[in-house]
1. Any residue in segment 13-25 that is within 14 Å of Ile58 (Cα to Cα) and touching a Ser or Thr at 6+ places or on another chain (Cβ under 8 Å)?
2. Conditions: (1) at pLDDT 90 or above; (2) surrounded by 10 or more Cβ atoms within 10 Å (Cβ to Cβ); (3) not hydrophobic (A, V, I, L, M, F, W, C). Asp22 meets all but one. Number of the miss?
3. So how many residues does segment 25-51 have that are surrounded by 14 or more Cβ atoms within 10 Å (Cβ to Cβ) and assigned to a strand (DSSP E or B)?
Amino acid sequence: DAEPTTFALVVNIRYCDELKRDDVIRAVAGPLDVKHKVDLKNAKYTLVIEAFKSMCTIGLVENYNARKRLNLQTLFDEPVVKKPKSPEAEAETEDESSQNCSTEETKTKDIAEQDAAV
């Protein structure tokens, strides 16, 4: 008898009309012992099922979500940290946005005047 644990299923089906995701989930999760609980966010084990045309792969992954869903690139990427803008850069941004607003207001007034003339 295994210790109670948490699990999740990840099912991806591509180009296989005969196979339905819900049917796969029922077939795989149905026979599992009720002492094992589903936890989609922090499952200890995740069963990954990939079906493509007539092929199917199944993998059991421990701490799947902690591994960035097995996207190797995200495991090695450095987190992007936004640098705070200098006061001069913020002032320039505010000037540009106020110029854009006044330009839009002028365009709106011009269009309204043209409509009134017609």
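The values are calculated or read from the model by the stated rules, or taken from the named source; none is laboratory data. Note that this is a predicted model, so its numbers are computed, not measured. Ideal geometry is used to build each Cβ from the backbone, glycine not excepted, and the neighbour counts take in all protein chains shown.
1. No: zero hits.
2. All conditions pass for Asp22, except number (2).
3. Matching residues across segment 25-51 total 7.
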